[in-house]
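One structure is given here, and the rest of the page talks about it.
The values are calculated or read from the model by the stated rules, or taken from the named source; none is laboratory data. It should be emphasised that the depicted structure is a prediction, and the values quoted were computed from it without experimental measurement. Positions of Cβ are backbone-derived with ideal geometry, glycine not excepted, and every protein chain shown enters the neighbour counts. Ligands, DNA and RNA are excluded from the accessible area calculation, which covers all protein heavy atoms including side chains. Shrake-Rupley method; radii C 1.70, N 1.55, O 1.52, S 1.80 Å.
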Amino acid sequence: MDNKVPQLNIVGFLCNWCSYAGADMTGLGRNTYPSNIKVIRIPCTGRMDPMMIIEAFHNGADGVLVSGCHPGDCHYTEGNYYWRRRYPHLKSLLEHFGIDKRRFHASWVSASEGKKFAEVVKKVTAEVKDWRDNG
Amino acid sequence: MARIGVFVCHCGTNIAGVVDVTRVAKYAGSLPGVKVAVDYKFMCSDPGQNTIIDAIKKYGLDRLVVSACSPRMHEATFRRTAERAGINPYMVEMANIREHVAWVHSDDKELATQKAMKLMEMAVAKVRRSEALSKMFAPIEKRALVIGGGIAGIQAALDIAGAGYKVLLVEKEPSIGGRMAQLDKTFPTLDCSACILTPKMVAAAQDPNITLLTYAEVTEVCGFVGQFEVKIKKKAKSVNSKCIGCGVCTTKCPSKKALSEFDEKLAPRKAIYTPFPQAVPNVPVIDRTACTFFLTGKCKICEKVCPTGAIDYTQQDEFIKEKFGAVVVATGFDIYDHSNYGEYGYGEIKDVITGLQFERLISSTGPTAGHVTRPSDHREVKNVVFIQCVGSRDEAKKRPYCSRVCCMYTAKQAMLLKDHYPETQAYVFYIDIRSAGKNYEEFVQRAQNEYGVLYLRGRVSKIYERANKLLVKGADTLSGAQVEIEADLVVLANGFEPKKGAKEFAQLFHMSSDQYGFYNELHPKLAPVETAISGVFVAGCCQSPKDIPDTVAMASATAAKVCALFAKEKLEVEPLIAGVNQLTCSGCETCYNVCPYSAIEMKDKEVKRGEVRHVAEVLESVCKGCGACVGACYSKAVDLKGFTDRQVLDQVETATAPITDN
């Protein structure tokens, strides 16, 4: 997809050890992706308080992505498992509140998966754009 | 009121080539609390850091935002800068406008600039809420664990021990020595591998600071730098410490079922065995899957012939748990298995062998005592075809990387063949010759010019068996001709791949691996032996394919890192940990249950005068700052320093607000 999608705001929460490093790797490999995502570094997806995501939507974010280490690879052993359990609950809850499911995403991106991070962002941006354009 | 300074880095043209850095700085200057905003070519350089220090003094700043590269790269640098100017190092935030903006949004400079402004603004929002934190210290267990007893592990252990620290060297196999012990000679000097390796093996065994633990595996790891707690499984050797290594048991053992791993399955080995005669320690082990006694309940010949009564069939696997301050991972590699190369016979043609098998064939300690004969019918060979890049530089086999040593070892093997049998002819099919290294190119030239090895640039399309010969069909792309060679033996230059089980092993330490399974170093250039896990270092081919000199250099580098760590009295640790507000804590114990480090203690405590309640408390020296407790707390009583709820929410708020740039 085209990397230029104006007026679309996506907040990304990336864990420090895998996905943030993976996003750094995307840069090192000069892979491009749409610039709508603004990344917030967190130590671990286990630190994700659902309030942060709700607050992002509340403030007008069009989309939210949370990305962490692959299951089994968490720097802190099990933080991503907590997130993995929280995510589907929060997703269905948000849907219930009227937040379209195309707006909220989670992914696993490791520190070496620079290309994958670019793909994830492209896919997330496309879905959020689809929601905005087609309802 | 906060007094913030914003420093925008050009990173040469890395950032400034895409992002309008002056506009970012100008926008920063308009934000509340920002007293000064400047841009500079290289913020991390000496003059760059001095710019920051001067600004701190001139404007009385109390917190900084550096808009530059990834905080994973230079956060520590700028924290030290702040410290030098008298600001608390934790009052520094970075906005990553290189890896997350300039390098990934180079296709639209306007959007990139807007995003850079936004990320900077988010960092400003976060730093406004930063608090001064004081450094914390933790004790260091000054004892190192080296995992893997190949040349990398041996070298690392010797160097650490040489500095006066205790080392435990753990090896999975019954003997240390690793892959290097399997080699006949080494390039580019053609000196014998055993002659340079075995003295080191002996030195490791005799060093009073090194404890050898062979036939043992690491099964569990917890803790962190300075305080790793490691569970090690000592596999049952079925031979106890009375063994004097006389070898009678091995000679008399009637079982010949198992194939020798050391000889790359070219020869059988006994059920009670040492992998090779120069094994260290020279103590045999019983392979229970092959031993007649363990399979049928009868035999016990080894017990009968043992002069010291060292055979113990009742031995069990034993687990030990020990503490270490640092770990060197040197777990090595496996040879690529060519059974999915149809053109080379799916690994089913007996006389198509791997390079490592050739090493065993030509080695005087090998199964044929150094005679290069065909595995199928033991005839001597005349024509030998070497094929390069098997499982290397092959996108179709998901092995696009170069294994780095195959060009060299093929040249070496072709020369050794000619040395042993002057009447033979060696042919080498290659893609490119990669001979970067001291005296390497000269070595390959010697193979061609002095030894008459015939190099053919091209790939082999098929190997047939015909009339006791192997017909090798390929192309010589330089002459444009199709080539057909009648060979007696085909030697494949199998590349390197990660050790089987490398991924599971990485998970023990939570190390990350690359897409193939080789372990990731912390930084490809500036931290090549560190990993993302503080206190865990990598050496040798578990990180990427490399030759012996590079492996030894890397091993010594890990030793230097371990020694530098151990030379400190106490370990400085990040104070980015959780803290409980006991006034709002409801004592529900959720945090206590989710903490992966058992860093939360529940206490009955007088939180207000006259009010004793059941509340959580963080054990500061144990907490690693993952924030699992923060995410789980129902009453918002736990918070994480450096990533507080308030900070993250302010970042969220800023991220979603429009840019007010005129």
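Just name the residue that is surrounded by the fewest Cβ atoms within 10 Å (Cβ to Cβ) out of those in segment B:131-162 that are out of contact with any Leu (no Cβ under 8 Å at 6 or more places or on another chain) and more than 19 Å from B:VAL329 (Cα to Cα).
Once the filter is applied, the top-ranked residue is B:SER134.
For segment B:128-162, which positions are part of a strand (DSSP E or B) and modelled with pLDDT of 95 or more?
Of segment B:128-162, the ones part of a strand (DSSP E or B) are B:136-138, B:143-147.
Of everything in segment B:128-162, those that are part of a strand (DSSP E or B) and modelled with pLDDT of 95 or more turn out to be B:ARG143, B:ALA144, B:LEU145, B:VAL146, B:ILE147.
Going by what's in this entry, would B:GLU569 be described as more than 8 Å from chain A (Cβ to nearest Cβ) and open to solvent by 40 Å² or more (accessible area, probe 1.4 Å)?
yes
Considering only segment B:165-189, how many residues are closer than 19 Å to B:GLU322 by Cα and open to solvent by 40 Å² or more (accessible area, probe 1.4 Å)?
Restricting attention to segment B:165-189, the residues satisfying the condition of being closer than 19 Å to B:GLU322 by Cα are B:165-172.
Among the residues that remain, those that are also open to solvent by 40 Å² or more (accessible area, probe 1.4 Å) are: B:165-166, B:172.
The number of residues fulfilling the criteria is 3.
Answer with yes or no whether B:LYS235 is on the phi < 0 side of the Ramachandran plot and surrounded by fewer than 22 Cβ atoms within 10 Å (Cβ to Cβ).
In short, yes.
So is B:SER364 touching a Gly at 6+ places or on another chain (Cβ under 6 Å) and either without any contact (Cβ under 8 Å) to a residue 12 or more places away in the chain or surrounded by 15 or more Cβ atoms within 10 Å (Cβ to Cβ) (or both) or not? Steps first, please.
On the way: touching a Gly at 6+ places or on another chain (Cβ under 6 Å): yes; either without any contact (Cβ under 8 Å) to a residue 12 or more places away in the chain or surrounded by 15 or more Cβ atoms within 10 Å (Cβ to Cβ) (or both): no.
In short, no.
Quick one: which residue in B:TYR440, B:TYR409 is touching a Pro at 6+ places or on another chain (Cβ under 7 Å), farther than 19 Å from B:GLU343 by Cα, surrounded by 15 or more Cβ atoms within 10 Å (Cβ to Cβ) and modelled with pLDDT of 95 or more?
Going through B:TYR440, B:TYR409 in turn, the sole match is B:TYR440.
Please work out if B:GLY625 is in a loop (DSSP other than H, G, I, E, B) and either more than 14 Å from every other protein chain (Cβ to nearest Cβ) or closer than 30 Å to B:ALA326 by Cβ (or both).
Here the answer is yes, as B:GLY625 does meet what is asked.
Just for segment B:518-565: of the residues that are hydroxyl-bearing (Ser, Thr, Tyr) and within 14 Å of chain A (Cβ to nearest Cβ), which one is most open to solvent (accessible area, probe 1.4 Å)?
B:SER534
Hey, any hits in segment A:59-76 for a residue that's open to solvent by 30 Å² or more (accessible area, probe 1.4 Å), at the interface with chain B (Cβ under 7 Å from one of its Cβ atoms) and of a type in the set (Phe, Trp, Tyr)?
no
For residues that are more than 14 Å from chain B (Cβ to nearest Cβ), open to solvent by less than 60 Å² (accessible area, probe 1.4 Å) and of a type in the set (A, V, I, L, M, F, W, C), tally how many sit in segment A:77-98.
So the answer is 1.
Which residues, taken from segment B:252-264, are surrounded by fewer than 21 Cβ atoms within 10 Å (Cβ to Cβ) and touching a residue at least 12 places away in the same chain (Cβ under 8 Å)?
B:LYS252, B:PRO254, B:LYS256, B:LYS257, B:ALA258, B:SER260, B:GLU261 - these are the residues of segment B:252-264 that are surrounded by fewer than 21 Cβ atoms within 10 Å (Cβ to Cβ) and touching a residue at least 12 places away in the same chain (Cβ under 8 Å).
Check off (1) open to solvent by 40 Å² or more (accessible area, probe 1.4 Å); (2) within 29 Å of B:PRO268 (Cβ to Cβ); (3) hydrophobic (A, V, I, L, M, F, W, C) for B:VAL352 and give me the number that stays unchecked.
Here B:VAL352 clears every test but (1).
Quick one: B:CYS588 ticks every box in (1) open to solvent by 60 Å² or more (accessible area, probe 1.4 Å); (2) part of a helix (DSSP H, G or I); (3) away from every other protein chain (no Cβ under 14 Å) except a single one, so which number is it?
(2)
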